[in-house]
Amino acid sequence: MTAVVALSSTSPAIAWSQTTAAPQMQAPPSQAPQMQAQAAPVEYDIAFPRPDHHEAQVSVTYRGLPAGPVRFQMARSSPGRYALHEFAKNVYSVSATDGAGRPIAVTRRDPYGWGVERHDGTVTIRYTLFGDRGDGTYAQIDPTHAHLNTPATFLWAVGEDQRPVQVSFHPLPGWKIATQLAPTSDPNVFTARDLQYFMDSPVELSAHDVRSWTVADGAKRYTIRLAAHHDGSSADLDRFAAMAQKVVAQEIAVFGAPPPFDHGTYTFLADYIPQISGDGMEHRNSTVISMPKSLADAQFQQIQTLAHEFFHAWNVERIRPAELEPFDFTRANATPSLWLAEGFTQYYGPLSVVRAGEMSRDDYIRQLSGTLNNLLNTPARAYGTPQEMSLRAPFVDAAQSIDPTNPNIYVSYYPYGAIIALALDLELRQRFPTLTLDSYMRQLWRDYGQPERAYRPDDLRQSLAKLTGDQRFADAFFARSVTASGLPDFAPLLAQAGFTLRPAHPDAAWAGAAPTAKDGVLTLAAPSRPGTALYAAGLDKDDVILSLDGQPVTSSEGWAATLARHAPGDRLPITWRNRAGERQAELTLSADPTMEIVADETLGQSLTAAQRRFRDGWLGSKVPAAPSSS
């Protein structure tokens with residue numbers, strides 16, 4: 001059913017409810033299994049006595065523990081991330097007491113956890129947490145806010161995952177609490193049904209502002225909240241909230257209804273402050289958006305992040321790869337399906353913004369052009385399929401290594417998946433006039449979201465066959481572009497919408513990525529790419545260019561000017577210095593491979609009626625226009 005959107009303001013002149021405290025939500029009926037209902041809740045408590053020093057004081061109490069040793073552990077991974085993050089490094093001053101408040105011994109045998117060997121059935125662990133990175137993965141505590149990713153903040157008792165959770169916050173004066181955790185009658189106490197939901201629930205404590213609106217699926221109504229910690233004006237937030245409402249409506253229109261948000265609410269936890277780190281991180285009923293810019297700046301980028309993260313409410317949070325369900329907090333969680341879970345979401349982010357009218361079609365095509373060009377020209381596709389790139393996520397998703405990696409063998413599953421989404425969208429529209437990528441997303445929602453059940457990689461192919469009624473088409477698409485690295489010819493696909501794919505600089509000679517100059521020394525700043533003249537000649541990262549075409553060259557401008565005097569196919573001598581000393585070779589120049597998408601109108605061509613309909617059907621709004629008042 002098509003979602004109905006209603007503003008929460010009572011005044012027609014004010015579009016947003018300017019809430020000063022997080023609204024209370026009615027908790028849903030218990031979904032806990034019987035064994036969970038019988039277990040005493042885990043009781044967490046967190047206070048911030050030293051925010052200037054980025055410290056929090058945390059305690060956790062378990063009651064009714066079975067006799068024997070208990071292990072308490074910090075997570076090593078976090079929902080939405082695929083690499084390891086060693087959160088235990090920020091935990092110290094750990095102590096424990098029993099049910100009578102008596103100190104009990106704590107042992108430490110590995111870097112990730114703590115042990116209690118003897119107890120009376122109740123154990124309270126207390127510790128200090130340090131946190132000063134504000135993003136979707138870590139915790140930041142300072143006098144302005146406590147931005148808490150739960151796995152980076154709270155430890156747990158191994159084997160007690162099914163217990164319900166209660167957490168008490170002690171906010172500083174003026175702070176409010178925003179989270180997807182279920183509220184209680186006490187505004188500082190929240191609950192979760194189990195460890196999985198608790199660990200998936202970030203929290204923002206600050207003097208944030210809230211804008212909210214409602215969306216509906218028939219008689220069911222859900223509140224969308226934008227809780228923004230920012231230094232801007234109310235007008236800035238109002239403008240951004242208006243953009244967000246339109247983007248949310250477009251994404252709901254893709255699926256026909258909002259997801260059934262737990263506790264009836266979805267919350268954007270947004271920080272636009274200088275000390276924050278740029279990020280976006282999805283969760284089941286909320287998302288973290290962090291950017292070290294004000295709301296008045298870079299709204300174009302900020303709204304795309306919001307669009308990407310909200311689309312995850314369906315794609316990855318509920319249409320979920322089996323490898324991520326349940327999430328294992330002790331290891332890296334990987335799936336070969338990130339090309340869809342992240343990549344298709346990457347496609348829909350900017351598409352939803354242009355459909356909402358918050359980005360021009362020209363800007364959208366310029367952005368899409370850059371994404372397509374980069375994928376068409378990366379050498380990485382020769383080294384792995386989209387599934388292989390997805391499995392490399394633990395090595396690149398905010399992970400750090402001391403040793404360098406070869407950038408030529410990896411391309412992110414974000415743009416890779418986005419271009420596969422583009423290909424499927426345009427091919428469906430070409431071959432099946434009544435079907436689009438929106439249709440495929442609705443099919444996945446029916447198959448794996450209603451009710452929720454995790455999918456395996458090959459299930460995605462079968463859903464495409466079910467949608468189209470054409471098994472051969474589904475098999476061929478996956479064989480070419482998912483389990484292999486092929487892409488279609490995009491020129492005729494884009495021509496359907498009146499766009500031309502062409503070389504951006506067809507007559508320009510090219511040797512590979514241009515070297516950079518510093519203090520009169522011209523150096524390759526990155527490894528040369530296979531297939532380029534520089535790679536074939538043997539040049540690589542940190543090599544110093546001495547001369548080109550028989551002339552000394554010491555600047556990027558000099559390099560470009562020399563190439564400009566030549567044509568593709570010309571051969572130029574080059575001299576350079578690497579770790580082994582001075583070297584000489586010959587560069588065989590090629591044509592610049594950069595591709596671009598341009599609107600046919602800019603080439604002096606008129607759109608046909610069919611092209612205009614196709615373009616409007618692809619990039620136009622999916623939300624029915626409101627009836628005009630008489």
Go through the range 117-172 and tell me which strands (runs of 3 or more DSSP E), entirely inside it, have 2 or more residues that are over 20 Å from THR191 (Cα atoms), more than 25 Å from the chain's Cα centre (by Cα) and in the same structural domain as ILE104 (by TED's automatic domain parsing). 123-130
Taking the range 363-417, which residues are among the charged types (D, E, K, R), farther than 21 Å from PHE490 by Cα and more than 19 Å from the chain's Cα centre (by Cα)? ASP403
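Going residue by residue through the range 179-189, is there one that turns out to be polar (S, T, N, Q) and crowded, with 23+ Cβ neighbours inside 10 Å? Spell out how you get there, then give the answer.
The initial filter retains those residues of the range 179-189 that are polar (S, T, N, Q), namely 179-180, 184-185, 188.
Then drop every residue that is not crowded, with 23+ Cβ neighbours inside 10 Å, which leaves 179-180.
Yes, there is a match, as at least one residue in the range 179-189 is polar (S, T, N, Q) and crowded, with 23+ Cβ neighbours inside 10 Å.
Listed here are the residues, each with its yes/no results for (1) part of a loop (DSSP other than H, G, I, E, B); (2) in contact (Cβ under 8 Å) with a residue 60 or more places away in the chain.
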site: LEU460; (1), (2): no, yes
site: ALA491; (1), (2): no, no
site: HIS505; (1), (2): yes, yes
site: LEU534; (1), (2): no, no
Residue that is farthest from ARG76 (Cα to Cα), among those in the range 372-405 that are modelled with pLDDT under 95 and among the polar types (S, T, N, Q): THR405
Just the residues that are acidic (Asp, Glu) and in contact with a Ser or Thr (Cβ under 7 Å, 6 or more places away or on another chain), please, taken from the range 427-486. ASP447
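Please find, within the range 335-359, the residue that is nearest to THR385 (Cα to Cα) out of those that are outside any helix (DSSP H, G or I) and out of contact with any Pro (no Cβ under 8 Å at 6 or more places or on another chain).
Start the filter on the range 335-359 by keeping residues that are outside any helix (DSSP H, G or I), which leaves 335-337, 342, 356-359.
Among the residues that remain, those that are also out of contact with any Pro (no Cβ under 8 Å at 6 or more places or on another chain) are: 342, 356-358.
Values: GLU342: 15, ALA356: 33, GLY357: 34, GLU358: 34 Å.
So the residue we want is GLU342.
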Restricting the range 215-252 to residues that are out of contact with any strand residue (DSSP E or B) (no Cβ under 8 Å at 6 or more places or on another chain) and assigned to a helix (DSSP H, G or I), the one farthest from TYR347 (Cα to Cα) turns out to be ALA235
Residue under question is MET74, and the condition is that it be aliphatic (A, V, I, L, M), at pLDDT 95 or above, in contact with a helix residue (DSSP H, G or I) (Cβ under 8 Å, 6 or more places away or on another chain) and on the phi < 0 side of the Ramachandran plot; does it hold? yes
Pair list, Cβ < 7 Å and 6+ apart or interchain, from the range 359-383 residues that are more than 21 Å from ASP592 (Cα to Cα) to residues that are in a helix (DSSP H, G or I) and hydrophobic (A, V, I, L, M, F, W, C): MET359/PHE300; MET359/VAL353; ARG361/VAL354; ARG361/LEU619; TYR364/VAL354; TYR364/LEU619; TYR383/ILE409
THR554 passes all but one of (1) touching a Gly at 6+ places or on another chain (Cβ under 7 Å); (2) within 14 Å of LEU534 (Cα to Cα); (3) among the hydroxyl-bearing types (Ser, Thr, Tyr); which number fails? (2)
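Identify, from the list ASP543, ASP447, ASP470, ASP475, the residue that is more than 30 Å from GLU323 (Cα to Cα) and of a type outside the set (A, V, I, L, M). Please lay out each step first, then the result.
Working: ASP447 fails: more than 30 Å from GLU323 (Cα to Cα); ASP470 fails: more than 30 Å from GLU323 (Cα to Cα); ASP475 fails: more than 30 Å from GLU323 (Cα to Cα).
Unique residue meeting the criteria: ASP543.
Filter the range 195-223 for residues that are crowded, with 20+ Cβ neighbours inside 10 Å and of a type in the set (D, E, K, R); which is farthest from ALA242 (Cα to Cα)?
Ranking the qualifying residues of the range 195-223, first place goes to ASP200.
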Restrict the check to the range 323-339 and report whether at least one residue is at pLDDT below 95 and under 24 Å from TYR440 (Cα atoms). yes
Among the residues of the range 493-503, the number that are surrounded by fewer than 17 Cβ atoms within 10 Å (Cβ to Cβ) and in a helix (DSSP H, G or I) is 1
From (1) without any contact (Cβ under 8 Å) to a residue 12 or more places away in the chain; (2) within 28 Å of ASP238 (Cβ to Cβ), pick out the condition that doesn't hold for SER352. (1)
Checking GLY101 against (1) among the small types (Gly, Ala, Ser); (2) closer than 29 Å to PRO292 by Cβ; (3) assigned to a loop (DSSP other than H, G, I, E, B), only one condition comes out false. Which one? (2)
Are there any pairs with C-beta distances below 9 angstrom linking a residue in the range 95-122 that is closer than 16 Å to ALA67 by Cβ to a residue that is of a type in the set (Lys, Arg) and exposed (fewer than 11 other Cβ atoms within 10 Å of the Cβ), with the two at least 6 apart or on different chains, and if so which? GLY115/ARG108; GLY115/ARG109; ASP120/ARG102
Considering only strands (runs of 3 or more DSSP E) wholly within the range 255-324, the ones with at least 1 residues that are in contact with a Phe, Trp or Tyr (Cβ under 6 Å, 6 or more places away or on another chain) are 286-291
Scanning the range 303-352 for residues that are of a type in the set (Gly, Ala, Ser) and in contact with a helix residue (DSSP H, G or I) (Cβ under 7 Å, 6 or more places away or on another chain), the one surrounded by the fewest Cβ atoms within 10 Å (Cβ to Cβ) turns out to be ALA332
Only one residue in ARG480, ARG442, ARG446 is basic (Lys, Arg), buried (at least 16 other Cβ atoms within 10 Å of the Cβ), in a helix (DSSP H, G or I) and in the same structural domain as ILE419 (by TED's automatic domain parsing). Which one? ARG442
Give the residues of the range 37-69 that are of a type outside the set (Gly, Ala, Ser), in a loop (DSSP other than H, G, I, E, B) and loosely packed, with under 15 Cβ neighbours inside 10 Å, sorted by residue number. PRO66, PRO69
Report, ordered by the first and then the second residue, all pairs with beta carbons closer than 6 Å, sequence separation of six or more or different chains, a first member in the range 49-71 that is in contact (Cβ under 8 Å) with a residue 60 or more places away in the chain and more than 16 Å from ALA96 (Cα to Cα), and a second member that is outside any loop (DSSP other than H, G, I, E, B) and β-branched (Val, Ile, Thr). PRO51/ILE141; HIS54/ILE141; GLU55/THR128; ALA56/ILE46; ALA56/ILE141
So which of LEU424, LEU464, LEU487 ends up being more than 23 Å from the chain's Cα centre (by Cα), within 23 Å of VAL254 (Cα to Cα) and in contact (Cβ under 8 Å) with a residue 12 or more places away in the chain? LEU464
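Given the criteria of a type in the set (Asp, Glu), under 20 Å from ALA513 (Cβ atoms) and modelled with pLDDT of 95 or more, does GLU601 qualify?
On the way: of a type in the set (Asp, Glu): yes; under 20 Å from ALA513 (Cβ atoms): no; modelled with pLDDT of 95 or more: yes.
Against the criterion (of a type in the set (Asp, Glu), under 20 Å from ALA513 (Cβ atoms) and modelled with pLDDT of 95 or more), GLU601 does not qualify.
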If I filter the range 566-574 for residues that are over 18 Å from ALA517 (Cβ atoms), modelled with pLDDT of 95 or more and in a helix (DSSP H, G or I), do I get at least one hit? no
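The values are calculated or read from the model by the stated rules, or taken from the named source; none is laboratory data. Here the structure is a predicted model, which means the values were calculated and not measured. Note that we place each Cβ from the backbone using ideal geometry, even for glycine, and neighbour counts take in every protein chain shown.
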